[in-house]
Amino acid sequence: MSTLNQLTVAEAAAKLAKRECSSAELVAAVLASIEKHDKQVGAYLTVDAESALEQARAADAARSRGEHQPLLGVPVGVKDLLNVTGQPCTCGSKILKGYVAPYDATAVAKLRAAGAVILGRLNMDEFAMGGSTENSAYQPTRNPWDLSRVPGGSSGGSAAAVAADEALATLGSDTGGSIRQPAGFCGCVGLKPTYGRVSRYGLTAFASSLDQIGPLTKTVRDSALLLSAISGRDPHDSTSLDAPVPDYAAQLGGDLKGLRLGLPKEYFIDGLDAEVEQSVRAAVDQCRALGAEIVEISLPHSKYAVAVYYIIATAEASANLARFDGVRYGLRVDGEDPIDQYGKTRAAGFGQEVKRRIILGTYVLSSGYHDAYYLRAQKVRTLIRRDFETAFQKCDAILTPVAPTAAYKLGEQINDPLKMYLGDIFTIPVNLAGICGVSVPCGFTSEKLPVGLHIVGPALREDVILKVGHAYEQATPWHLRKPEISSQKAE
Amino acid sequence: MNFEANVGLEVHVQLRTKTKIFCGCPTTFGAPPNTHVCPVCLGYPGAMPAMNSEAIRLTVLSGLMLGCKINPYSKMDRKNYYYPDMPKNYQISQYDQPLCLGGGIEITRPDGSKKTIRLTRIHIEEDVGKNMHFAASSGIDFNRAGTPLMEIVTEPDMAGADEAMAFLEALKEILAYGGISDVNLEEGNMRCDVNSSVRPVGQAQLGTKTELKNMNTFKGVHRALSYEIARQIADVEKGQRIRQETRRWDDAAGITLTMRSKEEAHDYRYFPEPDLLPIVLSQAQIDEWAKVLPELPEKRRARMMADYGIPEYDAGVLAADQDIANYFEATAKLAKSAKAASNWIMTTVLAKLTELHLTIGEVKITPAQLAGLINLVEAKTINMPTAKEVFELMFAQGGDAAAIVQAKGLAQVSDTGAIEKFVDEAIAANAKTVADYKGGKEAALKSLIGQVMKLSKGKANPGLVNDLLKQKLS
Ligand SMILES: [Zn+2]
């Protein structure tokens, strides 16, 4: 069996360009890896091998015609809430069982335009609600570093597939940390772009004012490559930003001289695992060694971020998920009348956590509570955003842990939603502020579990956080380590 | 005790756009069910709305025509409720920051007096689909889902069914004038909810109101409102309290019935639509749109009376339709008599349009040609009967009146010598009639005039004939 599946996107693209391998060979290697490991990992919900190989052959044919798009022939997996024409799109939910997407999400269309092969659909917490991928209605996904542990979530499948070399790169979505936290748990790079950098058209909405699509990759360079491919203004998404899309990968390199990196004094909290803190502090030192100036900053309203998030996100979700009623697509459980049908369909189709959030969101918007919860949360959201604006006058990027702990055991937190919610305490403020953040591997715990460094930047300064992440990554060995499952030799 | 009614309307008007409000699907009426749909208007997972700016322009234009304040900043909101014809189970509408505020419409009451009905607001929103019920099942046609609507909300300023009707007629006329909507009631272009309450005359506080939902004909509004107001007055007189509730009109039975009480009312859980940006309008943009603002029908009537000296009745008939008013003004400017132009259009032209189901735009006679015809009559080149004949020819094939008159030899004979010959002939051939006239029978003169006209093949100038006959018989 070949080891082409272990390549990074940049390496694969170079090999393909030099005709050292074909896209068909590359895709076959990835498919073989999925075949071999995914029974244990459970990253994929569906893999259409036939279609992937067909796209790969088409990419090879295109190359022999002289085409040379940046991702030509590179396979990319997508989270199960992105619409891909002709494929299922269940969002990890039973309620969308049987739904076949009639269109491509803009990010998917852009990947195709860049030459990528769309590989398969990755497991997730139902409707992106959760931090462990245990809320998938179909299967748990296991952390490739320790199969008894969760991969994080909600983009757990997207992270686990990259970590296990079952994909070169994947797309996920991040509403409160759903790309960065699983990337941290699985030891890969996960980027949440600025709100509006990537079109949300075709991304099944969880919380529209917070959702962003982003890449999960083996290296910072790969995230830069994918970000350039999927970014840009889209007339189908009014909230997408009309800002030029730089060649992010071309801007990587160099040390961190002249950059000021902020450490929020409020973020090194009580619940922070000692080993995680140690790794992050070591990473801060490394950045200093690379020439960065470390400054203390304050983000005083971040302590309200989780509460604000669970009001705004659930309010938006309660409306976004109202369309799943069994009338036009997906699961339908017949009832006496339409309202009865809705009740029965939604009772049977949604899982526990989704129901919990719909009820919470409906409540905070109800007349009599709307002002006390929803309106107040919006005001605090503004304060959180201002905190960052003030902080970025003192620094170019901010360093924090990605999550308070490394990956926990399956089942450990599933019955304690509040504890699980607090797991996103460092990532949620970034979504509320609409800015960008990236998770980069920064070490391992004594149990050999990856730890992530969270680099946060101002709106549309993905170039800055990618530069910091890349310099740090190149100076450290973490990204080169592979979980045992992936380094098992092929027989 | 004497009661008065207070009526307010919420009128939903379909805006005249080519495509739906948030997607590129066409708004054409009458297509087979579910053929004008896409992921956006079907509420598919991941689909997002994109605002149709034409819907905003038409609504702002309406606001300007109706004297509203245009909000420089407004936003879209989600109105949440479950219904099978609503693809997303929320409607994208405007809650607390609508596009237009205030304004008013002047109506004419049945007694001829004028009254202004104040508007509260105008906002835009998307329409829903249409439920269809069959013998053993139900279906939904989503072709209409996502059609742009403008909702016009009035203050409770109308005193009853007649004023409500007058308001709707006036509104319809204005919207047609502005090209805002096709205002085709059969196709559901205008539908309204009717709020009404009654109170003893002299009481300051409004009575408890009821709402009649989804009325789609003006006649229906009139009947339902007449019934509902009478019902409320009768109930109050019996000492019963009016319940705040939503009612529906049973057209066959001619009564209104309870649909749901206040307690069962929806909690719409409005919140700002996160998928759409706020609507920010600069004054420059509003001014640009205002450039094509048409004159309101009411103003136009007054101006036409002043400019052309035509009676109020004529102005009312002609200004009711913008295209006809334009046709009249173009004709009147070229015609020697504006009143003659008004008469021709009100009677002859409009009768033709009705008879042949044509619009004024389809008529072959141009205003210049009609003015030419009128001027031939004014110059006494042809008389009225001839003019009618020429009009028929022009209507069928167009053409210049003078040319037709010349080609067909229809010019009126005003040559006294020629007419005198016909007069003498008539007198000679009708001795009995002449004797009758001389004996005092005035009517006999008419008969003699008729004879002369016959002899002249209709071309003699009737005035000259009259004068000559009188002169010869005196
Ligand atoms: Zn559509």
Say R0 is 51 Å: what FRET efficiency, to the nearest 0.05, do B:N326 and B:A443 get from their beta-carbon distance? 0.70
Largest-first principal axis extents of the Cα set of the stretch B:187-277 (Å): 52, 32, 25
Projecting each Cα onto the charge dipole of the protein assembly as shown (Lys/Arg +1, Asp/Glu -1 at the beta carbon, about the Cα centre), which of A:L82, B:Q369, A:L263 comes out farthest on the positive side? B:Q369
Summing +1 per Lys or Arg and -1 per Asp or Glu among the other residues with Cβ less than 15 Å from B:L393's Cβ gives +1
Rg and Dmax [Cα atoms of the stretch A:105-191; Å; Rg one decimal, Dmax integer]: 12.2, 39
DSSP H segments from chain A that extend 18 Å or more along their own axis, Cα-based, with Kyte-Doolittle mean of 0.0 or above: A:23-41, A:305-320, A:352-365
Taking only the alpha-carbon positions of the stretch B:132-204 and ignoring solvent, what does the Debye formula give for the base-10 log of I(q)/I(0) at q = 0.15, 0.17, 0.27 Å⁻¹? -0.72, -0.83, -1.37
At a probe radius of 1.4 Å, figure out the A/B buried accessible area, summed over both chains, and give it in Å² to the nearest 100. 2700 Å²
Specify the inter-centroid distance of the stretch B:223-287 and the stretch A:40-114, based on alpha-carbon positions, in whole Å. 49 Å
Environment charge at A:V295 (Cβ cut-off 9 Å; Lys +1, Arg +1, Asp -1, Glu -1): 0
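Provide the net charge surrounding A:G351, with neighbours chosen by a C-beta distance below 15 Å and charges set as Lys +1, Arg +1, Asp -1, Glu -1.
Taking every Cβ under 15 Å from that of A:G351, the sum is +1.
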Report the semi-axes of the equivalent ellipsoid for the stretch B:1-88 in whole Å, largest first, where each axis is √(5λ) for an eigenvalue λ of the Cα gyration tensor. 30, 20, 15
Quick one: if you stick a label point 7 Å off each Cα along the C-beta vector at B:N343 and B:K299, how many nm between them? 3.2 nm
Let me see the pair-distance distribution of the stretch B:297-408: every alpha carbon pair, 10 Å bin width, integer percents in order. 15, 49, 30, 6, 0
Viscosity 0.692 mPa s, temperature 37 °C, Stokes-Einstein D of the stretch B:416-473 from Kirkwood C-alpha radius, µm²/s: 300 µm²/s
Which value, in debye to the nearest 20, describes the size of the charge dipole of chain A about its Cα centre when Lys and Arg Cβ atoms bear +1, Asp and Glu Cβ atoms bear -1, and nothing else is charged? 420 debye
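Give the value in nm², to one decimal: projected area of the alpha carbon convex hull of the stretch A:26-125, averaged over all directions.
6.5 nm²
Roughly what % of Cα-Cα distances in the stretch A:374-426 sit above 14 Å, to the whole percent? Working shown, then result.
On the way: 952 of 1378 pairs.
More than 14 Å apart: 69 percent of the Cα pairs in the stretch A:374-426.
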From the Cα gyration tensor of the stretch A:407-477, with a ≥ b ≥ c the square roots of its eigenvalues, which class applies: rounded if a/c is under 1.5, or else prolate if a/b is larger than b/c, or else oblate? oblate
Want the number for A:A243 to A:R356: 0.36 nm per residue separation, take away the alpha-carbon distance, what's left? 36.9 nm
Note: chain A at 25 °C, 0.890 mPa s; Kirkwood Rh on alpha carbon pairs; Stokes-Einstein D in µm²/s works out to 111 µm²/s
Would you calculate the convex hull of the Cα atoms in the stretch B:126-274 and tell me its volume per residue in Å³? 181 Å³
Where does the Debye-calculated log10 I(q)/I(0) of the stretch A:182-316 sit at q = 0.09, 0.10, 0.18, 0.20 Å⁻¹, using only Cα point scatterers of equal weight, no solvent? -0.37, -0.46, -1.37, -1.40
At R0 = 41 Å, FRET efficiency that the Cβ-Cβ distance of B:D250 and B:A31 yields, to 0.05: 0.85
What FRET efficiency comes out for the pair A:K419/B:Q205, r = Cβ-Cβ distance, R0 = 56 Å, nearest 0.05? 0.50
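If you take the square roots of the eigenvalues of the alpha-carbon gyration tensor of the stretch A:242-358 and sort them as a ≥ b ≥ c, do you get rounded (a/c under 1.5), prolate (a/b over b/c) or oblate?
prolate
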When the Cα centres of the stretch B:344-399 and the stretch A:162-213 are compared, how far apart do they sit, in Å? 72 Å
By the rule of no other cysteine beta carbon under 4.7 Å, the lone cysteines of chain B are B:C23, B:C25, B:C38, B:C41, B:C192
Output the Cα-based Rg and Dmax of chain B in Å, rounding Rg to one decimal and Dmax to a whole number. 30.3, 98
Compare each residue of the stretch B:32-47 in its chain alone against the assembly with all protein chains, and report those whose accessible area goes down by 50 Å² or more; 1.4 Å probe, heavy atoms. B:Y44, B:P45, B:G46
Evaluate the Debye formula for the stretch B:1-147 with equal point scatterers sitting on the alpha carbons, no solvent, and hand back log10 of I(q)/I(0) at q = 0.09, 0.16, 0.22 Å⁻¹, in q order, two decimals. -0.37, -0.93, -1.37
Give the angle, between 0 and 90 degrees and rounded to the nearest 10, that separates the Cα long axis of helix B:53-65 from the longest principal axis of the Cα atoms of chain B. 60 degrees
Both in Å, the radius of gyration and Dmax of the C-alpha trace of the protein assembly as shown are 38.6, 138
Could you give the angle, 0 to 90 degrees to the nearest 10, between helix B:416-429's Cα long axis and the longest principal axis of the Cα atoms of chain B? 80 degrees
Please give the helix B:443-455 orientation as an angle from the longest Cα principal axis of chain B, in degrees from 0 to 90, rounded to the nearest 10. 80 degrees
The protein assembly as shown - mean residue ellipticity at 222 nm from DSSP helices (-39,500 (n - 2.57) per run, n ≥ 4, rounded to 500): -12000 deg cm²/dmol
From zero up to wherever the largest Cα-Cα distance of the stretch B:316-474 sits, split into 10 Å bins and tell me the percent of pairs in each. 10, 34, 25, 19, 11, 1
The stretch B:344-422: C-alpha pair distances exceeding 22 Å, %: 27 percent
Computed for the protein assembly as shown: size of charge dipole around the Cα centre, +1 on C-beta of each Lys and Arg, -1 on C-beta of each Asp and Glu, debye to nearest 20, value 1160 debye
Whole-number percent relative contact order across chain A, with pairs defined as alpha carbons under 8 Å at least 6 apart: 18 percent
Centroid-to-centroid separation of the stretch B:1-80 and the stretch B:441-467 [C-alpha atoms, Å]: 64 Å
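The values are calculated or read from the model by the stated rules, or taken from the named source; none is laboratory data. Quantities reported herein were computed from a predicted structural model and do not represent experimental measurements. Neighbour counts run over all protein chains shown; Cβ positions are idealised from the backbone, glycine included. These area figures cover heavy atoms from the full protein model, side chains too; ligands, DNA and RNA do not enter into them. Shrake-Rupley method; radii C 1.70, N 1.55, O 1.52, S 1.80 Å.
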